[in-house]
Amino acid sequence: MNYRLSPHLRYCLFGAASIFLDTDRERYFLLQDRADARFRRFLEQSADAADFHWLIARNIIAEGRDDPTMHSRKVPAPTSGLGNQSPLSADVVFTIRAIAAQISARRMLRRRPFAEILKPGWSVAQSVAQDQEHRVSCVTAAFQRARHFVPAKDQCLVRSIAMKQVLASQGCHANLVIGVALPFSAHAWVQSGDTILTDALELVEPYTPILVV
């Protein structure tokens, strides 16, 4: 019988601990020490019957073959972020769109399941803008200016969802990344290539991506 990671889970390994994101229950949880060792033996294909029983009972693994489409995409290690480039002046129209998109994203997070919002293929650009670099700069500047008009503290996921949607509407591809760190903290950001669009580089560097969409 074959087993795989439960499809609603994503994970990161840290020393003798594993952090999991449960997208169905919208929560994080931590495995440490012996529990972490059980999960790692599963990953290394050396788990025994007791390991399988423990992991199945906690819905960490499920029957079935591994599905590569359920894996998070990888992103390059970031090398630059806000403050590393000369910003453009924020366009008024783009700034209004940035504000409206964040209001809409906040409402969407209250009304729709987290797993549905962040499922593969969500908010993908339908066309590719020829002047993509310029448009990315314009949207980034607009979201920076919008911080003066909408709450910024503890709104990283709202801001990231909104920015990814605005960029997609402009024909620009970017990734929404959720990262975790120990002692436990989580942060969301938008990344284009190796450039962070929502934050300074030093803010994002401590985090390891656990979900990329």
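The values are calculated or read from the model by the stated rules, or taken from the named source; none is laboratory data. Keep in mind that what you see is a predicted model, and the values were worked out from it rather than measured. We place every Cβ from the backbone using ideal geometry, glycine too, and count neighbours over all the protein chains shown. Surface areas here come from the heavy atoms of the whole protein model, side chains and all, with no ligands, DNA or RNA. Shrake-Rupley method; radii C 1.70, N 1.55, O 1.52, S 1.80 Å.
Tabulated values for the structure
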item	result
Label-point separation in nm, Ser80 to Glu133, each point 7 Å along Cα→Cβ	0.9 nm
Segment 136-213-segment 1-68 distance, computed between alpha-carbon centres (Å)	28 Å
Carbon/sulfur fraction of accessible area - the chain, other protein chains in place, 1.4 Å, %	52 percent
Neighbour count of at most 11 Cβ within 10 Å plus DSSP loop: longest GluC sites (Glu not before Pro)-free window in the chain	45-213
DSSP beta bridges in the chain [antiparallel fraction, %, rounded to 5]	95 percent
Sites Ala152 and Tyr28 - FRET efficiency at Förster radius 22 Å, r taken between beta-carbons, to 0.05	0.50
Theoretical FRET efficiency, 1/(1+(r/R0)^6), r = Cβ-Cβ of Arg58 and Val92, R0 41 Å, to 0.05	0.20
Length released on extending from Arg4 to Arg107, taking residue separation times 0.36 nm less the Cα-Cα span	33.7 nm
Efficiency of FRET from Cβ geometry, Lys119 and Ala50, R₀ 25 Å, rounded to 0.05	0.15
q = 0.10, 0.11, 0.18 Å⁻¹, segment 87-213: log10 I(q)/I(0) [Debye, one scatterer per Cα]	-0.28, -0.35, -0.97
Candidate lysines - alpha carbon under 20 Å from Lys119, same-chain residues fewer than 8 apart omitted	Lys74, Lys164
Two-decimal Rg to Rh for the chain - Kirkwood Rh, Cα set	1.02
